[in-house]
Amino acid sequence: MSADPRQILDDYLAWLREHSEVRDVADWGEITVPFLDRHNDHLQLYVKRHNGDLVFTDDGYTVADLEQSGCSLTSSKRRGLLELTLNGFGVKLDGDSLVVKASTGNASRKMHNLVQAMLAVDDLFYLAEPVVTSLFLEDVAEWLTGSDVRYTPDVKFTGKSGYDYRFDFVVPRSNAQPERVIRAVNHPTNDAAKTLAFAWIDTRQARREDSVAFALLNDGEQPVAGAVMEALEAWEIRPVAWSRRDAVVNELAA
């Protein structure tokens with residue numbers, strides 16, 4: 001028996017509100033949200049009004065932390081990946097700070113985009129040698145192309161809530177298979193599973209009823225935890241360990 005997606009969405013929003021905190025720091029408002037970076041620290045962002053706009057920023061924490069952890073972003077390839085990642089969320093770089101401007105009417109959506117961008121940039125840590133020897137997203141794209149899978153890369157969908165979500169690949173509907181939405185998860189953690197689940201729960205209500213989601217999970221360094229696999233399955237997302245990707249190639253290529 002499948003879970004009720006509306007109840008899951010309501011519970012998720014209640015959990016988000018209950019576990020978020022707000023306080024004043026000088027002339028900024030500090031917002032702490034219950035999403036964890038790789039240090040298991042809650043993400044913090046800052047907001048203030050400037051020239052009629054609301055300005056949200058991470059105050060440079062995310063990029064600085066990557067640099068201090070040995071993940072240099074100075075190469076053109078990694079810098080390009082950083083900018084591509086941010087562009088997908090409408091977030092800009094101001095020095096090393098991640099910044100997004102908003103109006104009163106779209107403030108919650110813009111804050112949501114900044115949080116998603118912080119999580120995505122934090123995940124770039126796993127590009128540091130010798131943690132990962134190649135870019136996982138590029139590996140996935142190369143495999144799809146080599147497997148004759150017709151796909152559109154880097155697609156943004158608007159969920160029923162009005163929030164935008166980026167998926168790495170979308171395989172269009174065919175006579176044999178429904179639309180297939182794919183997210184490549186470089187570091188499959190419980191938080192990554194929750195983030196993907198919320199994105200899919202909200203998105204699929206605005207897609208065709210038979211659309212299917214796949215999560216390609218990087219298990220190159222260590223096996224994917226059973227709890228992550230089980231959680232994705234419970235949210236009706238097909239988890240696929242990268243080492244077992246050939247098991248689904250026919251479904252994706254059809």
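Any read-out appearing in this document is the output of simple, stated calculations on the displayed coordinates, not a laboratory observation. What you see is a predicted model, and the numbers here were worked out from it, not measured in a lab. Don't worry about glycine lacking a Cβ; one is built from the backbone with ideal geometry, like all the others, and counts go over all protein chains shown.
If R0 equals 51 Å, the separation of the Cβ atoms of D210 and S76 corresponds to a calculated FRET efficiency of about 0.75.
Given axes a ≥ b ≥ c from the Cα gyration tensor, I'd like to know whether the range 137-221 is rounded (a/c under 1.5), prolate (a/b larger than b/c) or oblate.
oblate
Estimated from helices alone, the mean residue ellipticity of the chain at 222 nm is -11000 deg cm²/dmol (sum of -39500 (n - 2.57) over DSSP H runs with n ≥ 4, per residue). Computed about its Cα centre, the charge dipole of the chain is approximately 860 debye, with only Lys, Arg, Asp and Glu carrying charge at their Cβ. Rounded to the nearest 0.05, the FRET efficiency derived from the C-beta distance between D11 and R244 at R0 = 30 Å is 0.45. The charge dipole of the range 40-162, taken about the Cα centre with unit charges on the Cβ atoms of Lys, Arg (+1) and Asp, Glu (-1), comes to about 740 debye, rounded to the nearest 20. In summary, the convex hull built on the alpha carbon positions of the chain has an orientation-averaged projected area of 14.4 nm². In the chain, if the dipole is taken from +1 on Lys/Arg beta carbons and -1 on Asp/Glu beta carbons about the Cα centre, which of P34, N218, P153 is farthest to the positive end? It is P153, whose Cα lies furthest towards the positive end. Extension gain, A253-E233: 0.36 nm per intervening residue step, less the Cα-Cα distance, totals 5.0 nm. From the alpha carbon centroid of the range 156-192 to that of the range 1-67 is 22 Å. The C-alpha atoms of the chain define a longest principal axis, and helix 136-146 lies at about 30 degrees to it.
Note on D53 and E21: the model spin-label points, each 7 Å out from Cα along the C-beta direction, lie 3.0 nm apart. The angle between the Cα long axis of helix 107-122 and the longest principal axis of the Cα atoms of the chain comes to about 70 degrees, rounded to the nearest 10.
Using a cut-off of 14 Å between beta-carbons, work out the net charge of the residues near W15 (Lys and Arg +1, Asp and Glu -1, W15 not included). Once positives and negatives cancel, what remains is -3. Tell me the angle of helix 190-204 to the major Cα principal axis of the chain, expressed in degrees between 0 and 90 and rounded to the nearest ten. Its long axis makes an angle of about 80 degrees.
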